[in-house]
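See below for the structure under consideration.
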Amino acid sequence: MHQPPAQQPTPPFDALSARKLRAGLGMAPEHVAYGMRTSYGLPHVSPDLVVAWERGTVAPAGPEITALAGVLWCSPGELIGAPRTLREHRAARGLAAEDVARAVGFDVLAYLRMEEADEWDGTERQSSALAGILELSPADLVTITGREPRLAELLRSAVMTRWQAYVRPVGRMLPVDRRLVGDALRALHTEYQGLMTATLSWSGGSAAAGADSAGRDFLDRIVDHFWSEVGRADGSA
């Protein structure tokens, strides 16, 4: 069977950093485009394209990021944001699709379809292999494999009821020591219940409204709070 050529994915681009660096140099998009055309041999770069990059509507390719970094007097790494998708994580590691597909036990076409749809459909063993070759953190692995909504649901239930009942189901989802999961859930439960107690303790007014708002915000960001607590319990935060 004929295999497609290796795709070169686009690295995740930090549009905000690019805009701030350009503004800090007092340059207009026209100046950036001119520098990339004349100094780096990229005749297609126009001021409108630079603006599109900075707005995040278009992502520059690897050679364009290198040239843009040269014009903005920075390293390419300063223009690369944190990977979010499966393809961006692969790009950040400089790996071809064939390399990742082989490591996780997928046909390259099947793997590329998952990248295109941004949906991971691997087994637990394949997910573990994916985490290894892409050097994914537990949080990244949960996001890429589409388990973050379910994790958020479990965490909200844990902080609003008995957290002890959720150590096992949360632990089954994550490549994290069960003790760390328990410590994190206990800390989150204590913090959330404290916010709710503050809401009930005030007879009304802005203090009660503020506590109630803080409680809703806490639940909205429960996954971020969870990973912060896991890091703290593990001594890495």
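The values are calculated or read from the model by the stated rules, or taken from the named source; none is laboratory data. Quick caveat: nothing in here was measured; it's all calculated off a predicted structure. Positions of Cβ are backbone-derived with ideal geometry, glycine not excepted, and every protein chain shown enters the neighbour counts. When the accessible area is computed, the model is the full protein with side chains, heavy atoms only, and any ligands, DNA or RNA have been set aside. Shrake-Rupley method; radii C 1.70, N 1.55, O 1.52, S 1.80 Å.
In region 160-175, what residues are within 23 Å of GLY215 (Cα to Cα) and either among the aromatic types (Phe, Trp, Tyr) or assigned to a helix (DSSP H, G or I) (or both)?
Passing the criteria: MET160, TRP163, GLN164, ALA165, TYR166, VAL167, VAL170.
Criterion first (open to solvent by less than 70 Å² (accessible area, probe 1.4 Å), within 30 Å of GLU30 (Cα to Cα) and more than 23 Å from the chain's Cα centre (by Cα)) does LEU68 satisfy it?
The answer is yes for LEU68.
Given (1) open to solvent by less than 30 Å² (accessible area, probe 1.4 Å); (2) in contact (Cβ under 8 Å) with a residue 40 or more places away in the chain; (3) not in a loop (DSSP other than H, G, I, E, B), identify the lone condition not met by CYS74.
For CYS74, the failing item is (3).
Give the residue that is nearest to TYR111 (Cα to Cα), with candidates limited to residues of region 124-154 that are in a loop (DSSP other than H, G, I, E, B) and open to solvent by 50 Å² or more (accessible area, probe 1.4 Å).
Step by step, filter region 124-154, then rank; the result is GLY146.
In region 40-70, how many residues are in contact (Cβ under 8 Å) with a residue 40 or more places away in the chain and either of a type outside the set (Phe, Trp, Tyr) or assigned to a loop (DSSP other than H, G, I, E, B) (or both)?
Residues flagged as in contact (Cβ under 8 Å) with a residue 40 or more places away in the chain and either of a type outside the set (Phe, Trp, Tyr) or assigned to a loop (DSSP other than H, G, I, E, B) (or both) within region 40-70 amount to 8.
Quick grid of which residues meet (1) touching a residue at least 60 places away in the same chain (Cβ under 8 Å); (2) closer than 16 Å to ARG172 by Cα; (3) of a type outside the set (Lys, Arg); (4) touching a helix residue (DSSP H, G or I) at 6+ places or on another chain (Cβ under 8 Å):
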residue: VAL108; (1), (2), (3), (4): yes, no, yes, yes
residue: LEU112; (1), (2), (3), (4): yes, no, yes, yes
residue: GLU119; (1), (2), (3), (4): no, no, yes, no
residue: ALA129; (1), (2), (3), (4): no, no, yes, yes
residue: LEU136; (1), (2), (3), (4): no, no, yes, yes
residue: ALA139; (1), (2), (3), (4): yes, yes, yes, yes
residue: ILE144; (1), (2), (3), (4): no, no, yes, yes
residue: ARG147; (1), (2), (3), (4): no, yes, no, yes
residue: THR161; (1), (2), (3), (4): no, no, yes, no
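Counting just the residues of region 134-154 that are small (Gly, Ala, Ser) and at pLDDT below 95, which one comes out nearest to ARG90 (Cα to Cα)?
Out of the qualifying residues, it is SER137.
Those residues that are of a type outside the set (D, E, K, R), part of a helix (DSSP H, G or I) and at pLDDT 90 or above, I need them from region 87-107; list them, please.
ALA97, VAL100, ALA101, ALA103, VAL104
Can ASP183 be described as in contact (Cβ under 8 Å) with a residue 12 or more places away in the chain, outside any loop (DSSP other than H, G, I, E, B) and either hydroxyl-bearing (Ser, Thr, Tyr) or open to solvent by 50 Å² or more (accessible area, probe 1.4 Å) (or both)?
no
May I ask you to verify whether SER157 is closer than 30 Å to SER213 by Cβ, among the polar types (S, T, N, Q), in a helix (DSSP H, G or I) and open to solvent by less than 40 Å² (accessible area, probe 1.4 Å)?
yes
Hey, among LEU112, LEU95, LEU79, LEU86, which residue is more than 21 Å from LEU16 (Cα to Cα), open to solvent by less than 30 Å² (accessible area, probe 1.4 Å) and within 19 Å of the chain's Cα centre (by Cα)?
LEU86
Mind listing whichever residues of region 48-65 are among the aliphatic types (A, V, I, L, M), closer than 28 Å to GLY132 by Cα and open to solvent by 20 Å² or more (accessible area, probe 1.4 Å)?
Hits for region 48-65 are ALA59, ALA61.
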